[in-house]
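One structure is given here, and the rest of the page talks about it.
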């Protein structure tokens, strides 16, 4: 019976959601995801192989000396910059999303355990959080990457292990107040196990915060991956990552081969900008108290 | 107060303990640490020497004790590329990093604080939107890419500034902007929210009611109080910039701590990498402790509630 009475409200909400959708971030993020997913269909060339017959360091097609076959020019191995950018989007998307999922899972789990169980578990988890926060994230990530060795999936794990601390702090704070709420107390009196209370009553109530934090973490993780790849401890060559493309282009900066530096950086900038804007929108949608900040 | 300092010091020691344990574990989890600690291609006899120095032939707790001893005696191990204790190298590079970090702090002040104040005083005006845009770009434009673009524009195309190295102010401008960029945005956001909070308070209303000119209210009454959290953040940022400016220092060939870490990575100088990371952690924990204690000294509410 409740289903039918709820329908008008749902329809209204759906219309409102469509109207309020953040168009600028989505206009960047949707093409970005599509390009990353269909990279092998869209990219004109193999990103890791030199183009037969093409010169090295060809400028984009509109500059003199450029060719319409390689729209955004070629790099030091006469590989197609456009194709490398397209496949680089895939690396950024995978690392950004998966790294954020790893960070969010670790941080949310530890935050819930610290907040709900309390006592020495809380003390231990929070001291570990403090210790990991003491190192600048990028230094910690460089250290881990140097020790573990470069590969895309290692970078996912490493960045997940570096960026979980913020989740743990925020979620713990929320659970401390959730723990005192009546529905949790009632579940405890009804004899529900700790696991059940955390999974059924705590987790659904902290998911909003986790989602907001996640939307803001993705951009940070994408920049961190680019930084690691730039330093040569991230995604290893010949895999095209935006950070390593910037590193490759750096040596040609002095002679003015700008396209090797400008395009990968614009890629990072646009995607991170869009995730930040989307995160702001999500925060305001999910947490009305933040609307005035 | 004494009890507060005691408890905070215990926390700091616990933090450093966990930090050292983390680094200790990571180095051992990822393979045979001897191959990490010794020079590539070292002879078996040399490997034995390294094992003895770090106690790697001993049980794990003994190894950890040796590791901690190396930290406490202040050597942090021997860099095999420089053949010097890591701590000596770290403190040799510190003045260079400090020069860069101070310049970057100045840049972040010049951009962040005025823009933050104007945004707060004129909420939702065009100025506020400019401020929000700067804050957003600070988070989205990677500092190292900004550095590369500046090299392209100001060194290669316009030939105004030298591309790299240390020297006069002309060498300092671009790395300082690239490094201070992100921190300018974070200062802007904090200045804005801190000013907004202060401007809502009763004593500001009173100052306005008694007819003080708007400028006096903002500059004398509001800004002074909004400044405390801003300065704290700037202080912590300074310590972070000292240790975390790895890419900026690499791009501009700036001989600081970040570059030392980078050299360590590339020469497979693991004692150097491990030592620099530990030293950075120690420094930041100590500064955080200092900030906590100073805060508690200024504001008694903090030492009573926490």
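Where a number appears in this text, it was derived from the coordinates with a stated rule and is not lab data. No experiment lies behind these values; they were computed from the predicted model shown. As a convention, Cβ positions derive from the backbone with ideal geometry for all residues, glycine included, and neighbour counts pool all protein chains shown.
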Using Cβ contacts closer than 10 Å as the measure, can you line up A:74, A:146, B:232 from fewest to most?
B:232, A:146, A:74
Note on chain B: alpha-carbon gyration tensor, axes a ≥ b ≥ c; rule is a/c under 1.5 for rounded, else prolate if a/b larger than b/c, else oblate; result oblate
Given a cut-off of under 8 Å on Cα pairs at least six residues apart, what relative contact order in percent is computed for segment B:180-306?
17
Peptide B:242-252, shielding by other chains (average Cβ, 10 Å cutoff):
4
Once every DSSP H run of n ≥ 4 in chain B is given -39500 (n - 2.57) and the sum is divided by its residues, what mean residue ellipticity at 222 nm do you get, rounded to the nearest 500 deg cm²/dmol?
-25000 deg cm²/dmol
Relative contact order of chain A (C-alpha contacts under 8 Å, at least 6 apart) in percent is 21
Across peptide B:144-154, what mean number of C-beta atoms from other chains lies inside 10 Å of a residue's C-beta?
5
Let a ≥ b ≥ c be the square roots of the eigenvalues of the Cα gyration tensor of the protein assembly as shown; is it rounded (a/c under 1.5), or, if not, prolate (a/b larger than b/c) or oblate?
rounded
Which order results if B:241, A:252 are arranged by neighbouring Cβ count within 10 Å, fewest first?
A:252, B:241
Two-decimal Rg to Rh for segment B:54-105 - Kirkwood Rh, Cα set:
1.18
Per GNM of chain B with C-alpha springs under 10 angstrom, the most fluctuating residue out of B:282, B:18, B:247 is B:18
Sorted by mean Cβ packing within 10 Å, highest first, what order do the peptides A:163-176, B:74-87 take?
A:163-176, B:74-87
Give me the mean projected area, in nm² to one decimal, of the convex hull enclosing the Cα positions of segment A:73-143.
6.5
To the nearest whole percent, what portion of all C-alpha pairs in chain A is separated by more than 35 angstrom?
33
Per-residue mean of other chain beta-carbon atoms within 10 angstrom of the beta-carbon, peptide B:11-18?
4
Got a sec? How would A:75, B:269 order by Cβ neighbour count within 10 Å, fewest to most?
A:75, B:269
Hey, what D do you get for segment A:201-293 in µm²/s if you plug the Kirkwood alpha-carbon radius into Stokes-Einstein at 25 °C and 0.890 mPa s?
162
Can you tell me how segment B:130-255 classifies by the Cα gyration tensor, rounded, prolate or oblate, using a/c under 1.5 as the rounded cut?
prolate
Take the alpha-carbon centre of segment B:80-135, take the same for segment A:149-204, and report the distance between them in whole Å.
34
